[in-house]
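The values are calculated or read from the model by the stated rules, or taken from the named source; none is laboratory data. Remember, it's a predicted structure, so these values are computed and weren't measured experimentally. Neighbour counts are summed over all protein chains in view; Cβ atoms, including those assigned to glycine, are modelled from backbone coordinates with ideal geometry. Please note that ligands, DNA and RNA were not included when accessible areas were found on the heavy atoms of the full protein model with its side chains. Shrake-Rupley method; radii C 1.70, N 1.55, O 1.52, S 1.80 Å.
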Number of protein chains: 2
Amino acid sequence: MMDVAILAGVSHQTVSRVVNALPGVKPTTRVRVLAAIEQLGYRRNSAARALVTGRSQTLGVVTLNSTLYGPASTLYGIEQAALESKYFVTVASLRSTERPAVRQAIGRLVDQGVEGVVIIAPLVALAEALADLPTDLPIVAVEGDADADIDVVTVGQDAGAHAATAHLLSLGHQTVWHVAGPTDWLEARQRTAGWRRTLEEAGAEVPPPLPGDWSARSGYDAGRVLARMPDVTAIFAANDSMAVGIMRAFHEAGRPIPGAVSLVGFDDVPEAAYYSPPLTTIRQDFGEVGRRSLALLLDQIEAGSRPAQRHVVETTLVVRDSTASTPAAGQPRRRRPSR
Amino acid sequence: MMDVAILAGVSHQTVSRVVNALPGVKPTTRVRVLAAIEQLGYRRNSAARALVTGRSQTLGVVTLNSTLYGPASTLYGIEQAALESKYFVTVASLRSTERPAVRQAIGRLVDQGVEGVVIIAPLVALAEALADLPTDLPIVAVEGDADADIDVVTVGQDAGAHAATAHLLSLGHQTVWHVAGPTDWLEARQRTAGWRRTLEEAGAEVPPPLPGDWSARSGYDAGRVLARMPDVTAIFAANDSMAVGIMRAFHEAGRPIPGAVSLVGFDDVPEAAYYSPPLTTIRQDFGEVGRRSLALLLDQIEAGSRPAQRHVVETTLVVRDSTASTPAAGQPRRRRPSR
DNA sequence: CGGGATCGCGTGAACGCTAACATTTCGAGA
DNA sequence: TCTCGAAATGTTAGCGTTCACGCGATCCCG
């Protein structure tokens, strides 16, 4: 910066004013400084700036497994929104779902000097892990516990699960079976709860949910069990990947979907419209989740402490071909993928 | 730090020595300092440290669309490896595939003070964009151009495409059709090239490749075209998502896979084993790509300038049920997903 | 028992920038 | 022409570390 100042024949402070676009610099000197900057290829040192201003222009994102469609999409949404607001995003992946792992990840980010953190780790254990955290650190939890005293952006899991279950019931199914996600994920619990509530309200029998871990493999395992049970006519899978496994298992068992069994997934991954059959599912707007999270986080950073807020991003039921009315209406509809 | 020093009755420099685990501190004073740190909840300021050391402990990752399975997995691999080496990872997504967008993204990261950059943006335009970059910035390109004078970690696209095509030919197919990825992606070009080479070497006819954009939708569109052509018996899709769309189109057309047509994908996404039919595909080890990229980058940072290196991560052909010998051998095999 | 090597720790400066204040320059009105 | 205030620019200090020294205490060996 000093070099630029000398070359432009001004003081370093004036250079600072120019690079920060502060007022009070005569246009002629401004261009002179700009020219010097250009000539020397000067870039301001962010570390020095962060040191003196106390702001790093960096946000942290803690994510459990950024390979899954949901977290990856949310991360993408956050990053795009951060770009708009001139913030950087640094990521920290969790190695386990244990409480110390969460603390450690956040600790790492704090050490690096992030101004705030978004946690995309919808774990039950998270609420506890957040308890013993520096309270002055702005935090937003995606899919976090509503009871915790922090900002939360959440997807309408309950409403989504309700929509899925009600859709199946409205098609005439006596009840709906459920292949659940891992029980230490809040989303999984909420989807299960929404499913159960809907069945109870409809006076339908509530069969035991089958355990899954989001993977197609676990869906397949659950599907093999369900395919052996002749009275199963409707299934709500807690995500699309498991639905794929279920479809596979039923295909192998010779029980057509939706001919014999109707199936609803959750997520609406980009491929969902092209599965065989095209999958009826609950669409989540992950991009919106990312944007809202960031907005909330920036608001906290600006405004300082304030009452915790809670945003809900609603889901959409996307009806495709994996659901049909019962009793099986003869030949399955065959139509082109809708989307 | 000064507060800690005073509380422990030492100088700030001794505190620095303790937090950096440098030798030359008597064990008794070390514990005293540690106690003071604990008591005051001291954390060292990374900005100050970065300012004086000139090292930010931060790496940048430029990615095109971190929602796709490949980039997301690679990013995950890089982050995990960076964690091992005590580095942070900040991400910068590209908004377009244009050359200035790449420069801008890297510029952003440099402004933030990253020590090196991994570019996961296998674009043809990338090689050019890299040309006018600060040469002293350590860079590794994932799937970058081999001709460029930078480190490259690449997947054996050509070998993978060869394996896929040769597998189909070995099953007795006269030739293999190809649904390609976007032409501005290097990977897409290389897969197409490997496919073409294999056909030519085998003396098979080379049909025109159909264009795609990685999405299931584009695969479906291509599949609808191919399904109308009775002489098509084997297809190589440039990724698994497009293969899903192709499967859908053939299903609708009443042409069974693998009964009438054999299909091979590329990537081996986690769901591939559970599609209907389970998809024969080329597995890519994205985690390994991430690890290697990071190793190369750290090596550059340590060693300074050195001749550009080139690493190839090989692929594996995973044979499942979407491929069969021709002429169609009657009933398709039905077996449980392998994986 | 003396002297040099080693150990343990402290002092001062510097990293590159911005905030706060001080100073100069300039134009307008009396 | 002089005065005065606003605009433009400069000066100084300090952000929290680490680095390069320096200095006294301790140790070992002849």
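With the alpha-carbon atoms as the only input, what is the per residue convex hull volume for the range B:210-339 in Å³?
Enclosed volume per residue, from the Cα hull, is 124 Å³.
Please state the Cα pair-distance histogram of the protein assembly as shown with 20 angstrom bins from zero: what percent is in each bin?
Reading upward from the zero bin: 17, 45, 30, 8, 0.
Would you kindly work out, in nm and rounded to one decimal, the distances from the label point of A:P211 to those of the same position in each other copy, ordered shortest first, with label points 7 Å along Cα-to-Cβ?
List, nearest first: 5.0 nm.
Buried by at least 10 Å² relative to the chain on its own: which residues of the range A:211-244 qualify, computing accessible area with a 1.4 Å probe on protein heavy atoms?
A:A216, A:R217, A:Y220, A:R224, A:S241, A:V244
Residues with beta-carbon under 14 Å from that of B:I37, excluding B:I37: net charge, scoring Lys, Arg +1 and Asp, Glu -1?
Local net charge: +2.
Taking the Cα atoms of the range B:131-215 alone, what are Rg (to one decimal) and Dmax (as a whole number) in Å?
Calculated on Cα positions, Rg and Dmax stand at 15.6, 52 Å.
Name the residue from A:G219, A:G144, B:M247 whose Cα lies farthest towards the positive end of the charge dipole of the protein assembly as shown, charges +1 on Cβ of Lys and Arg and -1 on Cβ of Asp and Glu.
A:G144
Taking chain A as a Gaussian network, where each spring joins two C-alpha atoms under 10 Å apart, which residue of A:E84, A:E314, A:E288 fluctuates the most?
A:E84
Run the label-point distances for A:A253 please: 7 Å along Cα to Cβ, every other copy, nanometres, shortest first.
3.2
Have a look at B:A222, B:A166, B:A204 and tell me which one the Gaussian network model of chain B (Cα, springs below 10 Å) gives the largest fluctuation.
Comparing B:A222, B:A166, B:A204 in the GNM, the peak value goes to B:A204.
Looking only at the range A:45-65, which residues have a backbone nitrogen under 12 Å from a spot 7 Å from the Cα of B:N45 in the C-beta direction?
A:48-56
Taking square-rooted eigenvalues a ≥ b ≥ c of the alpha carbon gyration tensor, is the range A:157-284 rounded, prolate or oblate, where a/c under 1.5 means rounded and, failing that, a/b exceeding b/c means prolate?
rounded
In square angstrom, what is the accessible area per residue of the range B:157-284 with a 1.4 angstrom probe?
Here the residues of the range B:157-284 average 32 Å² of exposed surface.
Counting only other chains, what is the mean number of Cβ atoms within 10 angstrom of the Cβ of each residue in peptide A:41-54?
5
How crowded by other chains is B:100-112, given as the mean number of beta carbons from other chains within 10 Å of each beta carbon?
2
Take the alpha carbon gyration tensor of the range A:84-128, find the square roots of its eigenvalues, order them as a ≥ b ≥ c, and report rounded if a/c is under 1.5; if not, report prolate when a/b exceeds b/c, else oblate.
The shape class here is prolate.
State, to one decimal in nm, how far the label point of A:R310 lies from the label point of A:T28, with both points 7 Å from Cα in the Cβ direction.
Each label point is offset 7 Å from its Cα along the Cβ direction, giving 6.3 nm.
Collect residues whose amide H, placed 1.01 Å from N in the peptide plane, falls under 5 Å from the amide H of B:V179; neighbours closer than 5 in sequence don't count.
Those lying under 5 Å, H to H, from B:V179 are B:L210, B:F236, B:A237, B:A238.
Treat every Asp and Glu Cβ in the range A:2-44 as -1 and every Lys and Arg Cβ as +1, leave all other atoms uncharged, and give the resulting dipole magnitude about the Cα centre to the nearest 20 debye.
That gives the range A:2-44 a dipole magnitude of about 140 debye.
Let me know the charge dipole size of the range B:157-284 about its Cα centre in debye, to the nearest 20, where only the beta-carbon of Lys, Arg (+1) and Asp, Glu (-1) is charged.
220
Dividing the Cα convex hull volume of the range B:2-44 by residue count, how many Å³ per residue is that?
Dividing the Cα hull volume of the range B:2-44 by its residue count gives 58 Å³.
Just to be sure I understand: of the beta bridges DSSP finds with both ends in chain B, what percent are antiparallel, rounded to 5?
Restricted to chain B, the bridges split so that about 10 percent are antiparallel.
Among A:51-61, B:40-50, how do they line up from the highest to the lowest mean number of other beta-carbon atoms within 10 Å?
Highest mean packing first, the order is A:51-61, B:40-50.
Could you tell me the calculated FRET efficiency between A:S11 and B:D136, based on Cβ-Cβ distance and R0 = 22 angstrom, to the nearest 0.05?
Here the calculated transfer efficiency is 0.15.
Could you run the numbers on buried accessible area between B and A, total for both chains, 1.4 angstrom probe, in Å² to the nearest 100?
Answer for the B-A pair: about 5300 Å² buried.
Based on Cβ point charges of +1 for Lys and Arg and -1 for Asp and Glu, what charge dipole magnitude is obtained for the range A:95-164 about its Cα centre, in debye rounded to the nearest 20?
That gives the range A:95-164 a dipole magnitude of about 340 debye.
Keeping all protein chains in place, calculate the accessible area per residue for the range B:1-111 (probe 1.4 angstrom), answer in Å².
Averaged over the residues of the range B:1-111, the accessible area is 49 Å².
Averaged over peptide A:265-274, how many Cβ atoms belonging to another chain are found within 10 Å of each residue's Cβ?
Per-residue shielding by partner chains comes out at 5.
Where a ≥ b ≥ c are the square roots of the eigenvalues of the C-alpha gyration tensor, would you call the range A:172-223 rounded, which needs a/c under 1.5, or, failing that, prolate if a/b is larger than b/c, or oblate?
oblate
Out of the total accessible area of the protein assembly as shown (probe 1.4 Å, heavy atoms of protein only), what percent is carbon and sulfur?
Carbon and sulfur together cover 53 percent of it.
For chain A, modelled as a GNM with alpha-carbon contacts under 10 angstrom, which of A:T90, A:T28, A:T67 fluctuates the most?
Of A:T90, A:T28, A:T67, the most mobile in the Gaussian network model is A:T28.
Under the Kirkwood approximation for Rh and a Cα-based Rg, what ratio Rg/Rh is obtained for the range B:14-78?
Taking Rg over the Kirkwood Rh, I get 1.24.
Taking the inverse of the average 1/r across all pairs of different Cα atoms in the range B:1-139, what Kirkwood radius in Å do you get?
It is 17.5 Å.
Helix-only mean residue ellipticity at 222 nm, chain B, DSSP H runs n ≥ 4 weighted -39,500 (n - 2.57), per residue, nearest 500. What is it?
Calculated from helices alone, the mean residue ellipticity at 222 nm is -13500 deg cm²/dmol.
In the calculated pair distance distribution of chain B, what percentage of Cα-Cα distances lie above 31 Å?
Cα-Cα pairs of chain B separated by over 31 Å account for 45 percent.
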